[in-house]
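The values are calculated or read from the model by the stated rules, or taken from the named source; none is laboratory data. Predicted model, so just to flag it, every value in this text is computed and none were measured. Positions of Cβ are generated from backbone atoms using ideal geometry, with glycine treated the same way; all protein chains shown enter the neighbour counts.
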Amino acid sequence: MDKIIIHGGRPLAGTVEVSGAKNAALPLMAATLLTPGWHTLHNVPDLRDTRTMLRVLETLGAVWQRHGSTVRIDTTGLTGAEAPYELVKTMRASVLVLGPLLGRCGYARVSLPGGCAIGARPINYHLRGFANLGVSTTLARGYVEARADTRLQGGTIYFDKPSVTGTENVLMAAVTARGTTVIKNAAREPEVGNLVDMLVAMGARIEGRDSDRLLVHGVGGLAPAEATIIPDRIETGTYLIAVAATGGRVRITGCRPDHLPALTDKLRAAGVTIEQDETSFTVSCPEHGGRSSCPLQSVDITTLPYPGFPTDLQAQFMALMVLGNGVSIIHETIFENRFMHVAELQRMGADITIDGASAIVRGVRPERLCGAPVMATDLRASASLVIAGLAAAGETEVSRIYHLERGYEKMEEKLRRLGADIRRVRE
Ligand code: EPZ
């Protein structure tokens, strides 16, 4: 396994371009199962997770080509409707093939994803949604078997919590159902809107984009489509926070500032200077060393469904608040075990106490934060440790960086271009 070595304490400067959103690419790739023919997806990031999704589609009989960031996928030759445990256990988003397979052929057999580092992550909302469309599901030997004896029937689905992939899965099953489907308390994340746009381009009829109530009028057939993956707002937010933590001035291009309202509000409250236009940020912050002219203000955050503060930026923001000038309360409401990065940050000198679903972060002087060997436990925790390593004096070694590669394209290369002393070594 590879690891990343960082010599921190250097401000970041220059320009970085954001890649396509992992959490949009995955559902849009799954949506190609809905109809035969060549689909074209632009701005697809080359990540461990997108490669896994391509392997899942291949297992189902699809063929694909990648030309740079454009991926073309043809599922005409669908040979099966089963997503195996070996693949699903490496990427839980493989469950996104359930909805399109049900919409395409009324049957699917997918391994239950099981839990992951950040929580149990059940898919009961997905299955209940399918049941309201006339699908019967049985669980046996770790697999869910979903079947509809006739064409799916439109129905009303209410999500107890606005589930992102739950909304996406039910959407993909409903677009060719007979009649109308209403999805209440739908997730409003931009990635759901990106999927709606692709489904509409395929011929689907969907109302309520970006709202918590989606109306789907079933259509008889769909055609392959061309779509563009939106910029990755979590990657964008990660770089914004990295500059705030190290000091410096960076221009972030190819992004959607309007997709990060909560983070930019909190960073500005913390004293970070942020300028933005429709497709780029310029973020700057004085260095935090002894010469700091304005220490970071400690601010509180509570993670919430979009447009609230994203849970996928909680770990990164915590790394920043380690350098705050007071106390920051970080309240995680989405996942039950998303503080795995705390123990690793504490090893670097952070002063953090966990109290149930909240972490109390007492800011320390920059010189208290010291590089150390740390271990990545999940995708966003690993980004948090990289940020802490960039800010800390001395050498930080982040092991198990396969977690990082799931969701960040060429991260060490992009950071090196911004002046970071960062390199990958084989462990
Ligand atoms: C998506 O996961 C993202 N993944 C996650 O990003 C993100 O953290 C999460 O949404 C929240 O924004 C993808 O889009 C591929 P949920 P998802 O269903 O859909 C509970 C990353 O780092 N729930 O919105 O799995 C669930 O336990 C990843 O890129 C049920 O109880 O999350 C959680 O508490 C991590 N039953 C809450 O709802 C269900 O059937 C929200 O989960 C489904 C969800």
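Test residue 160 against the stated conditions and say whether it is under 27 Å from the mean Cα position of the chain (by Cα), acidic (Asp, Glu) and at negative phi. Before you say what the answer is, go through the steps one by one.
Working: under 27 Å from the mean Cα position of the chain (by Cα): yes; acidic (Asp, Glu): yes; at negative phi: yes.
So residue 160 passes the test.
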Which of the residues belonging to the range 232-279 are closer than 30 Å to residue 27 by Cα and among the polar types (S, T, N, Q)?
236, 238, 253, 264, 276, 279
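Here is a check on your reading of the model: is residue 380 modelled with pLDDT of 95 or more, among the basic types (Lys, Arg) and farther than 22 Å from residue 243 by Cβ?
Values: modelled with pLDDT of 95 or more: yes; among the basic types (Lys, Arg): yes; farther than 22 Å from residue 243 by Cβ: no.
No; evaluated as a whole, the condition is false for this residue.
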The one condition residue 332 fails out of (1) within 12 Å of the ligand (Cβ to nearest atom); (2) under 19 Å from residue 266 (Cα atoms); (3) touching a residue at least 40 places away in the same chain (Cβ under 8 Å); (4) of a type outside the set (S, T, N, Q) is (3)
Only one of (1) of a type outside the set (Asp, Glu); (2) in contact with a Pro (Cβ under 8 Å, 6 or more places away or on another chain); (3) over 26 Å from residue 154 (Cα atoms); (4) within 16 Å of the ligand (Cβ to nearest atom) fails for residue 56. Which number is that?
(2)
Look through 46, 74 and report the one residue that is closer than 26 Å to residue 380 by Cβ, more than 11 Å from the ligand (Cβ to nearest atom) and surrounded by fewer than 22 Cβ atoms within 10 Å (Cβ to Cβ).
46
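Return the only residue of 71, 44 being at pLDDT 95 or above, of a type in the set (A, V, I, L, M, F, W, C) and in a loop (DSSP other than H, G, I, E, B).
Only one candidate passes the filter, namely 44.
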Is there a residue in the range 190-206 that is within 8 Å of the ligand (Cβ to nearest atom), touching a residue at least 24 places away in the same chain (Cβ under 8 Å) and outside the structural domain of residue 306 (by TED's automatic domain parsing)?
yes
Residue 83: passes all of (1) within 24 Å of residue 193 (Cβ to Cβ); (2) among the small types (Gly, Ala, Ser); (3) within 23 Å of the chain's Cα centre (by Cα); (4) surrounded by 24 or more Cβ atoms within 10 Å (Cβ to Cβ) but (1)
So residue 400, is it more than 29 Å from residue 300 (Cα to Cα) and either surrounded by fewer than 24 Cβ atoms within 10 Å (Cβ to Cβ) or touching a Cys at 6+ places or on another chain (Cβ under 6 Å) (or both):
yes
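Can residue 95 be described as within 18 Å of the chain's Cα centre (by Cα), in a loop (DSSP other than H, G, I, E, B) and assigned by TED's automatic domain parsing to the domain that holds residue 159?
Numbers: within 18 Å of the chain's Cα centre (by Cα): yes; in a loop (DSSP other than H, G, I, E, B): no; assigned by TED's automatic domain parsing to the domain that holds residue 159: yes.
So residue 95 fails the test.
Report the residue count in the range 113-164 for those that are in a loop (DSSP other than H, G, I, E, B), within 12 Å of the ligand (Cβ to nearest atom) and of a type in the set (Val, Ile, Thr). If you could, list the steps in order and put the result at the bottom.
Residues of the range 113-164 in a loop (DSSP other than H, G, I, E, B): 113-115, 117-118, 120-123, 132-135, 141-142, 148-152, 154-155, 159-163.
Now restrict to residues that are within 12 Å of the ligand (Cβ to nearest atom): 113, 115, 117-118, 120-123, 159-163.
Subset that is of a type in the set (Val, Ile, Thr): 118, 123.
Number of matching residues: 2.
Determine, yes or no, whether residue 183 is in contact (Cβ under 8 Å) with a residue 24 or more places away in the chain and either over 22 Å from residue 132 (Cα atoms) or of a type in the set (Ser, Thr, Tyr) (or both). Don't jump to the end; show me each part of the working.
Numbers: in contact (Cβ under 8 Å) with a residue 24 or more places away in the chain: yes; either over 22 Å from residue 132 (Cα atoms) or of a type in the set (Ser, Thr, Tyr) (or both): no.
So residue 183 does not fit the description; no.
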